[in-house]
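Chemist: My structure is below; once you've seen it, I'll send some questions.
Just so it is clear, none of the values below were taken in a lab; they were calculated from the coordinates. Computed from a predicted model, the values in this text were never measured in an experiment. Here Cβ is always computed from backbone atoms with ideal geometry, including for glycine, and neighbour counts include all displayed protein chains.
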Amino acid sequence: MRSLVTPRPPQSWRTYSRFGCSLLPRAQGIIPAVARTAHTRLISTIRSVDNTIDVAAFYSQAYVAQEPLVIRDYVKLPVSTWFHQNEHGDVTLDSKLTGDSNTPEMPYEYVRTAVEDDVALANFTKWLQGDKEPSVAPGIQGTENQTRFSQFSAPISLLSKAMEFNAQQESSKMRYKRLYIAQMPINELSSELQLDLEAPSLLRCSDRPCDVYNTSIWLGLEPTYTPFHRDPNPNLFMQVVGQKTLRLLPPGQGGQVFMRVQNTIGSASNSRIRGAEMMEGPERSALHDAIWGGDAPQEVVETTLGPHDCLFIPKGWWHSVKSVRGDGHLNASVNWWFRYRRGQGSSTEK
């Protein structure tokens with residue numbers, strides 16, 4: 001059987017995207033909230049509005065104010081037709097996506113964090129090959145106490161096969177996890193699939209012209225995780241399948257945390273480039289603990305998004321993202337990096 005995976009050579013990683021405490025006024029249904037975490041102190045949540053918010057309110061209260069904002073149950077995009085529920089109630093990939101012969105190979109990531117991950121991977125590879133001698137996917141060898149990270153290219157069918165394999169496992173410990181199609185550019189998909197991912201109306205209003213710089217999809221087997229970083233453009237992030245929790249810090253405080261971590265571990269990483277050092281080893285652990293640990297800064301804010309919920313992340317806001325579940329089920333998201341065009345005679349627009 002021909003291997004599904006193609007090793008990807010070392011390369012510069014693409015820039016990321018994804019959330020903090022808001023000072024928005026009590027308008028358009030904005031309600032302050034506080035979330036209790038496993039820590040002893042409370043973590044403030046990002047303010048949210050309902051899906052009736054219009055472009056003018058979004059522009060003034062979030063975009064110009066440079067404040068994160070959650071829009072609940074905003075819109076059901078046609079991308080929802082890429083997924084369906086099987087007889088077990090699990091969300092799987094629809095033939096609209098897997099059966100498209102024009103779908104290019106996807107940029108996969110795999111993170112191994114425990115010995116049981118090796119067992120699940122070996123079993124999955126053996127299952128793929130019909131009980132023949134298994135071969136290990138590229139780039140995942142290592143010692144038992146190391147986090148291992150690899151990148152490779154493969155068809156969308158690899159993810160579909162992994163979900164089929166997981167559905168047959170009685171224990172979640174035996175499922176293949178952390179396989180992630182990370183930041184697949186939408187403009188590399190077929191024209192039919194691109195139509196399913198048209199930017200939401202907030203970014204397509206004639207009264208407020210907007211430039212969408214890039215759009216990406218994120219498909220993975222939970223748990224999925226995005227390290228602490230910032231983006232060069234404002235970001236509208238939408239959850240499609242499953243749930244994700246996001247933590248954000250304002251630009252100044254986030255930069256201080258990042259530099260403190262770099263000084264502690266003796267590194268000099270670029271905060272805008274998603275490099276391998278952020279995904280494994282001491283930097284991954286230090287960045288995670290700085291934001292998700294008990295000593296996270298007081299300014300940290302968070303939100304949990306479900307299907308069709310959107311989060312606006314202002315330019316420069318630092319953020320980290322985790323899936324809520326961790327048992328090998330599908331998680332899917334999409335995001336748009338954008339900027340509204342500067343208006344005539346206004347010094348307040350960004």
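Chemist: Using 0.36 nm per residue of separation minus the Cα-Cα distance, give me the extension gain between M174 and Q262 in nm, one decimal.
Modeler: Difference between extended and current length: 28.1 nm.
Chemist: What does the charge count around E192 come to, taking other residues whose C-beta lies under 10 Å from its C-beta (Lys +1, Arg +1, Asp -1, Glu -1)?
Modeler: Counting the neighbours of E192, the net charge comes to -1.
Chemist: By how many nm would the segment from Q129 to D73 lengthen if fully extended, with 0.36 nm per residue of separation less the alpha-carbon distance?
Modeler: 16.0 nm
Chemist: Now a separate question. Using packing as a proxy for protection, rank 226-235, 199-208 so that the peptide with the highest average count of other Cβ atoms within 10 Å comes first.
Modeler: Top to bottom by mean Cβ count within 10 Å: 226-235, 199-208.
Chemist: Could you go through region 302-314 in sequence order and give the Karplus-derived ³J(HN,Hα) for each residue, using 6.51 cos²θ - 1.76 cosθ + 1.60 with θ = phi - 60°, rounded to whole Hz, and x for Gly and Pro?
Modeler: For region 302-314, the Karplus-derived couplings read 8, 8, 10, 9, x, x, 6, 7, 10, 10, 8, 10, x Hz, x marking Gly and Pro.
Chemist: Additional query: Per-residue counts of other Cβ atoms within 10 Å, averaged by peptide: what ranking do you get for 158-168, 240-250, highest first?
Modeler: Ranked by mean Cβ neighbours within 10 Å, highest first: 240-250, 158-168.
Chemist: Can I ask one more? Within region 183-242, list the GluC sites (Glu not before Pro) lying in a DSSP loop whose Cβ has at most 15 other Cβ atoms in a 10 Å radius.
Modeler: Of the GluC sites (Glu not before Pro), not one in the loops of region 183-242 has a Cβ with at most 15 other Cβ atoms within 10 Å.
Chemist: Please list 3J(HN,Hα) in residue order for region 62-68, calculated via the Karplus relation 6.51 cos²θ - 1.76 cosθ + 1.60 where θ = phi - 60°; whole Hz, with x for glycine and proline.
Modeler: Running phi through 6.51 cos²θ - 1.76 cosθ + 1.60 with θ = phi - 60° gives 10, 5, 6, 6, 6, 10, x Hz.
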